[in-house]
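See below for the structure under consideration.
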Amino acid sequence: MLKTIIRKEILNNLLSYKFSIITILSTILILVSIFVMYGDYCLALDNHDILRVESGDRVEIIPPTPLGIFAKGLDENLCRSWELQGVGVEISSERQKSLNNLFKLFTAPDLLYVIKVILSLCAMLFAFDIICGEKETGTLRQTISNTVKRPILIIGKWLGGFTSFILPFFMAVLLGTIFVTLSPMVDMNAQDWAKLGLFLLSGVIYLAAFFSLGLLISCLTHRSSTSLVISLFVWAMLVFLIPNLGNILARQFVEIPTVQQLELKRQQIRRRVYVEMKRIPKTQPDFEKRQMTLELRAIAEGDKLDEDYRNRINSLVKVSQSITGFSPAPAFTLLATDIMGTGVAEERRLKKAAQGYKDLLVQLYTDENWDEESEPPDFHYQRSSVKEILGQGGLSNCLILILFNLLFFTGAYVAFLRYDVR
Amino acid sequence: MLKTIIAKEFLSNIIDLRFIVGFVLCIIVTIACIMILAHDYKQEMKDYNARINLEDEILDNYAPAALDRLLGMVSTQEPPERFRPLIIGIQGNENVGSFDDNPLPILFPPLDFLFIVTIIMSLLAMLFSHDAIAGERQNGTLRLVISNSISRTTILFGKFIGGIASLIIPFILALLAGVLYISVNPAIQWDGSAWTELALLTAASITFITLFYLLGLMVSTFSRYSSTSILNCLFLWVLLILVIPNVCTYISAQLCRIPSIKETERKQDEIKYPALKVARKHMKEAAKRFKLRYGGLFSEFESMEFGGIGTWFFLDREAASTHQKAAQQRAEEDPEFKVMMDAFRQEFEMAMKEFRRTLKEAGFDKLGRDLGRKSVVQTNLAKNLACISPFANFVYIARDLTGTGLRSLDYFEQTKDEYGDQFQSYAEEKISDARKKNPALDKEYYLDVSDRPRFAFKEEPLKGKLGEVLPYWGILVLFNVVFFVSAFAGFMRYDVR
């Protein structure tokens, strides 16, 4: 019987106007998104090649990841060139960003955005009338009057409905991925493929949560028009309101200075130490040693400043995550960007690596046995592996998504068991 | 009869679930948003004051008597935008150069008044109007209404006015509550121009909301069922709000590629350095010839760094200035020294002429101009492409009117440059005065700059902002007219059975 219900649900959806319009919309969007973001990746790659050959200076830069095509996240921030200073790590040129300021006004239309915002809406539109719509047309009463059990019916409807929704999504993503992988500019290794697979899997779990939510609302209402209104408002709340409000609300709890203030504090340290260094008479026998002590003190003060700032940022992210825990959208954003190596965890890791590299260089320069003529070691950075991502908090975000699924589906199941089909 | 239809439409809307949910959402979100942002504004002000104090402290204690270093220490601090309790401004270039910054706004764009209007109100407007015609046809009430002596024009106007009224009222009420909070908040001081800007912003918001109501009405007059109508409406909404504006910027970046500034600088360096090498070689040869001709006199001239001739170009500008004064004094005393100095200057000018000619022929300036021109072309292309979407038009209007957009960034840069010039004149005068008092003034000497001019940012006058936003407002009005005319045409031919 389950098979019959699934088949009926799939066929019913395939023939509906809703299916046609949503399939067309999602296919166009996914393909446009992948093509547009592929172009953006090529530009980022060009930019990286130009910045990498910076002559004379000791400038570090990591290449953009091809996975940024699917989830850009913080990749633009991660791929800026930076150099080590006595006090702090500085971005070597602010001119490496685009001159087109319009990028600041609008969001990157990557696959992550399409899944998070548009496909979640489509999932709810697929599910909002599964139960109440059938009740309105009278078919639900007829189905229930047969020997079909309610649990079988709701599971069949979920499976059939979700399958018919997710198949066009996979087709479009497959087409886009084939285009990207055939391109000579994109070089994806086995790790990248595993990450892309995980990203798509997390996308499916996220969309399943919204589908289940739509089903839950459908089981709680008796008219499809009411269900639609509630679904749209719940979607707006979960996708836009809670994540975006959570971000500004978190700032009320964690006081964080602006980067301009941080830079001024660094400047203050630099100036003070410079003055103190100038005061040391050059004729003194321990002149160089005293200068070095002052320099090291400035570096230590700068590091303390950076550490305090980064700790505050970490607390801000934590508070924001706690506030936005009521919605699957932030968990999915953090999980997806972390998986693709363009997220908060990766940024934190890169900063830590830069700090470690700085400490190493300071240690080398202060080492009496260090030959000043020899070249210091190069900075090497490898983005997180799948295992690391899951350890860094990816698993908890994944669990949150699964929990939402269970919650919404159980809610729908219970509501349907008590549903008045008349 | 028009009044009756308006009243009926208004009443049927306000007892509907859509109105209740929309009203509650609008009130709660607007007030919560304004309260949080007002608190955020207070924190931003605190941070701004801390930055001003820090800068003062640095300048008061460590202002060197070296012009370039002194100018490098002055960083004009931008105060938080006065509309910050309503709209969060976009980041200026200051943050771009920082390795440490808050990543959250990139992943989760903050919630503000713009979000409320563009997402919540537009969605609500379409929910209100998608079944205004198709829904009534399905219920059979449209047939009954039409069978009376009411013209279709009156029905459409009535539905439009009644529907819009039921939509705008909760919006205005929510905004009023928020504005009341702003006006009683002692941390926020708005003057007359700010209130005028708020009134204009409200008017632009109403134009935007009306547009989406009319779009829903238009779709409704072309649909037979409300279920089809809502799907079409949502399809259009997704395209106009979530897709077109975001995609257009990226498409324009690929259609009209511009090299990065770094790349242009590198190309310019590739032209400049070889030309500079030639100029240096020319001067070295000239120095050899002069040494043979003038002997000891030229050695003396050489010890004065050639009286600063050309050394500002090759060496330090300030050192050059000191040597220039010394050489000038020597030339006044000895006519032969003067002849030699003038001849050497001529040699230098020849070398410079050749240097400039090489730069011009290789297109040194053209590279910079091309970059600027291409960036303007790309930005304009993106802006014009995005104008297909009412969302982009409204964002330009709202941001430019309230000083939270791209125009305000340019305006800030302009005022910053003006202040930079003012400070440079002050610093030059200050260093010159200090030199007069103490001719042996060292670069490491710290100046007292407590009487320096302070940077005070003033908002751009409304007239300039209006000039910028009116074309976009015109496009919004045009969208309104097109959708209303289409809805009218659709309804005139609508089969009410």
Exercise for the section: With the condition kept exactly as written, say whether any residue in region A:101-110 is facing chain B (nearest Cβ under 7 Å), at pLDDT 85 or above and surrounded by fewer than 21 Cβ atoms within 10 Å (Cβ to Cβ). Expected result: no
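Table: residues versus (1) closer than 30 Å to A:I130 by Cβ; (2) surrounded by fewer than 21 Cβ atoms within 10 Å (Cβ to Cβ).
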{"position": "A:L216", "(1), (2)": "yes, no"}
{"position": "A:L220", "(1), (2)": "yes, yes"}
{"position": "A:S224", "(1), (2)": "yes, no"}
{"position": "A:L238", "(1), (2)": "yes, no"}
{"position": "A:A250", "(1), (2)": "no, no"}
{"position": "A:T258", "(1), (2)": "no, no"}
{"position": "A:R272", "(1), (2)": "no, yes"}
Handout entry: Restricting region B:124-137 to residues that are in a loop (DSSP other than H, G, I, E, B) and open to solvent by less than 20 Å² (accessible area, probe 1.4 Å), the residue that is farthest from the other protein chains (Cβ to nearest Cβ)
Key = B:I133
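Every residue, every condition in (1) in a loop (DSSP other than H, G, I, E, B); (2) more than 10 Å from every other protein chain (Cβ to nearest Cβ); (3) touching a Phe, Trp or Tyr at 6+ places or on another chain (Cβ under 6 Å); (4) open to solvent by less than 10 Å² (accessible area, probe 1.4 Å), yes or no:
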| position | (1), (2), (3), (4) |
| --- | --- |
| B:V24 | no, no, no, no |
| B:M45 | no, yes, no, no |
| B:L70 | no, yes, no, yes |
| B:S75 | yes, no, no, no |
| B:P85 | yes, yes, yes, yes |
| B:D101 | yes, no, no, no |
| B:S122 | no, yes, yes, yes |
Completion exercise
When restricted to B:E429, B:E413, the only residue open to solvent by 40 Å² or more (accessible area, probe 1.4 Å) and either among the β-branched types (V, I, T) or closer than 30 Å to B:I258 by Cα (or both) is B:E413
Practice task
Name, by its number, the condition in (1) closer than 26 Å to A:L84 by Cβ; (2) without any contact (Cβ under 8 Å) to a residue 24 or more places away in the chain; (3) more than 14 Å from chain B (Cβ to nearest Cβ); (4) of a type in the set (D, E, K, R) that does not hold for A:R383.
Solution key: (2)
Fill in the blank from the handout: Checked against (1) buried (at least 19 other Cβ atoms within 10 Å of the Cβ); (2) at the interface with chain A (Cβ under 8 Å from one of its Cβ atoms); (3) under 17 Å from B:K416 (Cβ atoms), B:C33 satisfies every condition except (3)
Problem - Residue satisfying all of: in region A:215-269; touching a Gly at 6+ places or on another chain (Cβ under 7 Å) and modelled with pLDDT under 90; farthest from B:R18 (Cα to Cα) among these - result: A:I269
Practice task
Inspect region A:11-18 for any residue being within 12 Å of chain B (Cβ to nearest Cβ), modelled with pLDDT of 80 or more and open to solvent by less than 40 Å² (accessible area, probe 1.4 Å) and give the result as yes or no.
Solution key: yes
Problem - Failed criterion for A:V234 (all others in (1) open to solvent by 20 Å² or more (accessible area, probe 1.4 Å); (2) assigned to a helix (DSSP H, G or I); (3) within 7 Å of chain B (Cβ to nearest Cβ) hold) - result: (3)
Exercise for the section: Could you please let me know if A:Q260 is part of a helix (DSSP H, G or I) and over 30 Å from A:L417 (Cβ atoms)? Expected result: yes
Fill in the blank from the handout: Within region B:457-477, residues being modelled with pLDDT of 90 or more, open to solvent by 50 Å² or more (accessible area, probe 1.4 Å) and either under 30 Å from B:Y225 (Cβ atoms) or among the aromatic types (F, W, Y) (or both) number 0
Handout entry: Pair list, Cβ under 7 Å, 6 or more apart: region A:331-351 residue within 10 Å of B:L107 (Cβ to Cβ), other residue open to solvent by 10 Å² or more (accessible area, probe 1.4 Å) and of a type in the set (K, R)
Key = A:T333/A:K116; A:T342/A:K72
Problem - One residue from B:L211, B:L201, B:L231, B:L215 being free of Cβ contacts under 8 Å to residues at least 40 places away in the same chain and in contact with a helix residue (DSSP H, G or I) (Cβ under 6 Å, 6 or more places away or on another chain) - result: B:L231
Practice task
Determine if region B:393-407 includes at least one residue that is at pLDDT 85 or above and more than 14 Å from chain A (Cβ to nearest Cβ).
Solution key: yes
Completion exercise
The condition of being over 26 Å from B:R51 (Cβ atoms) and within 7 Å of chain B (Cβ to nearest Cβ) holds, among A:L249, A:L245, only for A:L245
Exercise for the section: Go through (1) facing chain A (nearest Cβ under 9 Å); (2) part of a loop (DSSP other than H, G, I, E, B); (3) farther than 30 Å from B:Y181 by Cα; (4) in contact (Cβ under 8 Å) with a residue 40 or more places away in the chain one by one and return the number of the condition B:N61 breaks. Expected result: (2)
Exercise for the section: Could you give me the residue pairs with C-beta distances under 7 Å whose first residue belongs to region A:392-419 and is under 30 Å from A:K352 (Cα atoms), whose second residue is assigned to a loop (DSSP other than H, G, I, E, B) wherever it lies, and which are 6+ apart or on separate chains? Expected result: A:Q392/A:S384
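The values are calculated or read from the model by the stated rules, or taken from the named source; none is laboratory data. Given the structure is predicted, the values throughout are model-derived calculations rather than measurements. Because the Cβ atoms are built from the backbone with ideal geometry, glycine has one as well, and the counts that use them run over all protein chains shown. With ligands, DNA and RNA removed, areas are computed over all heavy atoms of the protein, side chains included. Shrake-Rupley method; radii C 1.70, N 1.55, O 1.52, S 1.80 Å.
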